[in-house]
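Enquirer: Handing you this structure, nothing more for now.
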Amino acid sequence: MSLKKVIEIKDLFKTYGNDEETAVRALKNVNINIYSSEFVSIMGPSGSGKTTFMNILGFLDVPTSGQYYIDGIDGSHLSSDAQAEIRNKKIGFVFQGFNLLQRTSALENVILPLYYRGNIDSKTMHKKGMEMLDIVGLSARAGHHPNMLSGGQQQRVAIARALVNDPAIILADEPTGNLDTKTTNDILNLFTRLNDELGITIIIVTHEPDVADFTKRKIVFRDGIVIRDENVKKRKKVGYNRDKFE
């Protein structure tokens, strides 16, 4: 049985500026398919186009030309409202800086995306939020505010928030950039578990080879072009123990 395409990129270009001499060509003729249950790292040096590519995947930027399909929907020329709806329903975001609301609890941070969907009662939102916190091993910290949590715990709250709408994909932009080595391994093992056990499609932007070694596939950009797209032969994997987080 063939896997379902969750991302399909055709002949994608992104240029900043209209002047021929000064225009920056961030992406050049990019063609990529990403399938259900893949775990992909997007790599490349600064200025390679990887962040621009991630922003287009998340509808935070628009291509100059080419086509972008997400979960079968052509997102190339959607209105900003339609993009926002797809972003909320089909994409979960995890950022380097966590992006948590400091004056609200872990649970309240997790269920925030559900408010934008509408027609969900508070009891259902609470139940769903607690389920997501349990998945990341933080149900016992549901009432804690971010300043009461470690960096790794804050990132796991952010991952729970990314999961709460049952997205088709999770986009993670340098998700371990602010974490120490041990906590980085914990977060990457959590991503591995979400991918291996729950089948969630995960795409991580990273400049760190050690992080990419946890994924199943590496896509490398340079000067706006995909120069390498290969499966990871020897994946790094460390046992995940939810109990140690409680």
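Enquirer: What number of residues within the range 20-51 satisfy the criterion of being farther than 14 Å from Ile202 by Cα, touching a residue at least 40 places away in the same chain (Cβ under 8 Å), polar (S, T, N, Q) and part of a loop (DSSP other than H, G, I, E, B)?
Expert: The qualifying residues number 2.
Enquirer: Quick one: Met54 ticks every box in (1) touching a residue at least 60 places away in the same chain (Cβ under 8 Å); (2) surrounded by fewer than 19 Cβ atoms within 10 Å (Cβ to Cβ) except a single one, so which number is it?
Expert: With respect to (1) touching a residue at least 60 places away in the same chain (Cβ under 8 Å); (2) surrounded by fewer than 19 Cβ atoms within 10 Å (Cβ to Cβ), Met54 is out only on (2).
Enquirer: Are any residues in the range 102-116 crowded, with 17+ Cβ neighbours inside 10 Å and either assigned to a loop (DSSP other than H, G, I, E, B) or acidic (Asp, Glu) (or both), and if so, which ones?
Expert: Residues of the range 102-116 crowded, with 17+ Cβ neighbours inside 10 Å: 105-111, 113-114.
Within the range 102-116, Ser105, Glu108 qualify.
Residues checked against (1) over 25 Å from Arg235 (Cβ atoms); (2) among the basic types (Lys, Arg); (3) surrounded by 17 or more Cβ atoms within 10 Å (Cβ to Cβ):
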site	(1), (2), (3)
Phe13	yes, no, no
Asn33	no, no, no
Gly44	no, no, yes
Lys50	no, yes, yes
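Enquirer: If you don't mind, there's one more thing I want to ask. Being among the charged types (D, E, K, R) and closer than 22 Å to Thr51 by Cβ is the filter; apply it to the range 1-11 and report the residue that is surrounded by the fewest Cβ atoms within 10 Å (Cβ to Cβ). Break it down into steps so the answer makes sense when it comes.
Expert: Quick first cut of the range 1-11, residues among the charged types (D, E, K, R) only: 4-5, 8, 10-11.
Retained after the next criterion (residues that are closer than 22 Å to Thr51 by Cβ): 8, 10-11.
Details: Glu8: 17, Lys10: 14, Asp11: 12.
My answer is Asp11.
Enquirer: State whether the residues of the range 82-96 include one that is in a loop (DSSP other than H, G, I, E, B) and either without any contact (Cβ under 8 Å) to a residue 24 or more places away in the chain or surrounded by 15 or more Cβ atoms within 10 Å (Cβ to Cβ) (or both). Full working, then the answer.
Expert: Within the range 82-96, the subset in a loop (DSSP other than H, G, I, E, B) is 96.
Subset that is either without any contact (Cβ under 8 Å) to a residue 24 or more places away in the chain or surrounded by 15 or more Cβ atoms within 10 Å (Cβ to Cβ) (or both): 96.
Yes - at least one qualifying residue is present in the range 82-96.
Enquirer: Any residue at all in the range 63-73 that's of a type outside the set (S, T, N, Q), surrounded by fewer than 19 Cβ atoms within 10 Å (Cβ to Cβ) and at pLDDT 90 or above?
Expert: The answer is yes; a qualifying residue exists.
Enquirer: Right, something else. I'm told Ser105 meets every condition in (1) within 15 Å of the chain's Cα centre (by Cα); (2) over 29 Å from Asp61 (Cα atoms) except one. Can you identify the failing condition by its number?
Expert: So Ser105 meets the others, but not (1).
Enquirer: For the range 193-206, how many residues are out of contact with any Ser or Thr (no Cβ under 8 Å at 6 or more places or on another chain) and either surrounded by fewer than 21 Cβ atoms within 10 Å (Cβ to Cβ) or modelled with pLDDT under 90 (or both)?
Expert: Count: 4.
Enquirer: Quick check: anything in the range 106-116 more than 30 Å from Asn31 (Cβ to Cβ) and among the small types (Gly, Ala, Ser)? Before you say what the answer is, go through the steps one by one.
Expert: Of all residues in the range 106-116, those more than 30 Å from Asn31 (Cβ to Cβ) come to 106-116.
Those still in the list that are among the small types (Gly, Ala, Ser) too: 106.
So far as the range 106-116 goes, yes, one or more of its residues are more than 30 Å from Asn31 (Cβ to Cβ) and among the small types (Gly, Ala, Ser).
Enquirer: Sticking with this one: Out of Asn119, Asn99, report the one residue that is at positive phi, in contact with a Phe, Trp or Tyr (Cβ under 9 Å, 6 or more places away or on another chain) and surrounded by fewer than 18 Cβ atoms within 10 Å (Cβ to Cβ). It would help to see each step written out before you state the result.
Expert: Values: Asn119 fails: in contact with a Phe, Trp or Tyr (Cβ under 9 Å, 6 or more places away or on another chain).
After applying the criteria, what remains is Asn99.
The values are calculated or read from the model by the stated rules, or taken from the named source; none is laboratory data. What you see is a predicted model, and the numbers here were worked out from it, not measured in a lab. We place every Cβ from the backbone using ideal geometry, glycine too, and count neighbours over all the protein chains shown.
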